[in-house]
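The values are calculated or read from the model by the stated rules, or taken from the named source; none is laboratory data. Predicted, not measured: the structure shown is a model, and the values here were computed from it. Counting neighbours? That spans all protein chains shown, and the Cβs are built from the backbone with ideal geometry, glycine included. With ligands, DNA and RNA removed, areas are computed over all heavy atoms of the protein, side chains included. Shrake-Rupley method; radii C 1.70, N 1.55, O 1.52, S 1.80 Å.
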Amino acid sequence: VNDYGIGDELYEPIAEIGSTTEAEAAIAIIRAEMRSLIAEAGGDDEEERHSTWSWRFRKMITYELVAELLRRSGREEEIDSVFIEGGLHYHCVLHRIANGNPTNALEHACEYIREGYDVMRVAQAFLDAGMVNEVRRFLDHVAPMLPGRVPYREKILSLWALAAEKTGNIERALELRYQAFDEDPSVETYVEVIKIANALGSGDEYDQKII
């Protein structure tokens, strides 16, 4: 394990481990080394290193490898704690969704997911799993905390509006669609506003409002 996680020369051989005994030994060594690297992020230089894309990417694929080794070793129940240890909260939420645990997935997402890209991905993951109520509750909680120009804001607003619409709150869906248009006018956002406004009998009103 180097300063950024598992190096390329070791990743594939470890990924191909078939023996449970060898997998368990690799898990123990990798986790101990990664804990040490994360603990080092105390001084300014360390914090700067740990905020780089290379560090985050290597850390992610290293913990994904540990999770896969745990699966092969029949230790699926430990995967959540591994992702949390590595600060991979999106992965933790996705793992809980995949295991049919929407309540715990939602709780974890509401507490830890704050970056625009991850907010968008978590909302999409809930939606793809058919958990529309979880999409709405997650975005109702998290989206108002996000900065005005957070990355993927347009997509987040679109998912939020879709969740509101699918859960029967059409008026809220219209508000969100109009907000998306107001922040980033486009033919696509205009069409979405007018479609919902027409369904509510407010098409002319919103057409004039937009003009």
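Of the accessible area of region 54-93, computed with a 1.4 Å probe over protein heavy atoms only, carbon and sulfur atoms account for 49 percent.
For Glu165, neighbours were defined as the other residues whose beta-carbon sits under 12 Å from its Cβ, and their charges (Lys and Arg +1, Asp and Glu -1) total +2. Taking 18 Å as the straight-line reach from the Cα of Lys166, the lysines in range (excluding those fewer than 8 positions away in the same chain) are Lys155, Lys195. Summary value for region 56-146: 21 percent relative contact order, contacts being C-alpha pairs under 8 angstrom separated by 6+ residues. Apolar share of the accessible surface for region 110-185: 46 percent from carbon plus sulfur atoms, 1.4 Å probe. Peptides 24-32, 129-137 ranked from most to least packed, by the mean per-residue count of other Cβ atoms within 10 Å: 129-137, 24-32. Extension gain, Glu154 to Asn99, is 16.9 nm, computed as 0.36 nm per intervening residue step minus the present C-alpha separation. The length gained on full extension between Arg75 and Gln179, counted as 0.36 nm times the residue separation minus their Cα-Cα distance, comes to 32.9 nm. Electrostatic bookkeeping for Val150 treats Lys and Arg as +1 and Asp and Glu as -1; over the other residues with beta carbon under 12 Å from its beta carbon, the sum is 0. Placing +1 on the Cβ of every Lys and Arg and -1 on the Cβ of every Asp and Glu, with no other charges, gives region 105-211 a dipole of roughly 160 debye about its Cα centre.
According to the calculation over all Cα-Cα pairs in region 105-211, the P(r) per 10 Å bin from zero is 16, 46, 30, 8, 0 %. The residues of region 100-207 present an accessible area of 51 Å² per residue when probed at 1.4 Å with all protein chains retained.
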